1. Condition first: farther than 30 Å from Leu69 by Cβ and of a type in the set (S, T, N, Q). Now tell me which residues in region 142-201 satisfy that.
2. Please work out which residue is nearest to Ala85 (Cα to Cα), limiting yourself to region 30-64 and to residues that are among the hydrophobic types (A, V, I, L, M, F, W, C) and in contact (Cβ under 8 Å) with a residue 40 or more places away in the chain.
3. Find the helices (runs of 4 or more DSSP H) located wholly in region 111-200 whose residues include 3 or more that are outside the structural domain of Val17 (by TED's automatic domain parsing), and list them.
4. For region 152-201, how many residues are polar (S, T, N, Q) and exposed (fewer than 15 other Cβ atoms within 10 Å of the Cβ)?
5. Applying the selection to region 165-188, what residues are acidic (Asp, Glu) and in contact with a Leu (Cβ under 9 Å, 6 or more places away or on another chain)?
6. Tell me whether region 166-175 contains one or more residues that are without any contact (Cβ under 8 Å) to a residue 40 or more places away in the chain, within 15 Å of Val130 (Cα to Cα), out of contact with any helix residue (DSSP H, G or I) (no Cβ under 8 Å at 6 or more places or on another chain) and small (Gly, Ala, Ser).
Amino acid sequence: MHVIGLTGNIAAGKSTVAAGLTAAGLPVIDGDTLAREVVAPGTPALAAIVARWGPTILAADGTLDRAALRRRILADPADRTALEAITHPAIAARRAARTAELAATGAPVVICDIPLLFEAQLEDTVDEIVLVDAPVAVRRARLIRDRGIAPSEADALIAAQMPAERKRAYADVVIENAGSRADLEAAIAMLVTRLRAAAAR
């Protein structure tokens, strides 16, 4: 089975590309879904998070207050490293299990949506890397306009990730997403054609 790593810095449009691939009938393992699953109530990861940061990191219903945790880890790199040590192994285990399930069905290709593929040094776990990118100014504007994030927090979120310029050098395919939605849809269609050809081989 051909394993594709789909990645992109925050607000680059990776999730839109993943949705387009799913709509085209290609199997996509959503990294954001895995990240939510591993910190659901009752999971070891959530227990470890509460043990480190205390019960104030929980919402009233007992679920993880992701916004509160995000503010904490953006303020302290050591906190971010600690969180990654808790969640990344659990996410990787779930991704491997889902990939194995798809392989058992005979699926010739699977797309693994991995937001921090380069930061977590997961390049060797995939056969091909697709990077979705847009200029920093465009991504910053999207965070502020579309997600209601304060400019200072948007800057911190962007700074917390590896610069896209470094990632582009290691990507097999780069999808530019600074233009119109029609431009992005055309790029997704080209990617679907490429992945189906790879699957056929």
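1. Across region 142-201, the qualifying residues are Ser180, Thr193.
2. Quick first cut of region 30-64, residues among the hydrophobic types (A, V, I, L, M, F, W, C) only: 34-35, 38-40, 45-51, 53, 57-60, 64.
Within this subset, residues satisfying the condition of being in contact (Cβ under 8 Å) with a residue 40 or more places away in the chain are 34-35, 38-39, 45.
On the way: Leu34: 15, Ala35: 13, Val38: 13, Val39: 13, Ala45: 10 Å.
Once the filter is applied, the top-ranked residue is Ala45.
3. In region 111-200, no matching helices (runs of 4 or more DSSP H) lie anywhere.
4. The number of residues fulfilling the criteria is 3.
5. Asp172, Glu176, listed by residue number.
6. Restricting attention to region 166-175, the residues satisfying the condition of being without any contact (Cβ under 8 Å) to a residue 40 or more places away in the chain are 168-169.
Right, trim to within 15 Å of Val130 (Cα to Cα) and you get 168-169.
Applying the additional criterion that residues be out of contact with any helix residue (DSSP H, G or I) (no Cβ under 8 Å at 6 or more places or on another chain) yields 168-169.
Filter once more, keeping what is small (Gly, Ala, Ser): 169.
The answer is yes, given that some residue of region 166-175 is without any contact (Cβ under 8 Å) to a residue 40 or more places away in the chain, within 15 Å of Val130 (Cα to Cα), out of contact with any helix residue (DSSP H, G or I) (no Cβ under 8 Å at 6 or more places or on another chain) and small (Gly, Ala, Ser).
The values are calculated or read from the model by the stated rules, or taken from the named source; none is laboratory data. Bear in mind that the values here come from a model prediction, so they are computed numbers and not experimental data. Heads up, the Cβs are rebuilt from the backbone with ideal geometry, glycines too, and the neighbour counts pull from every protein chain shown.
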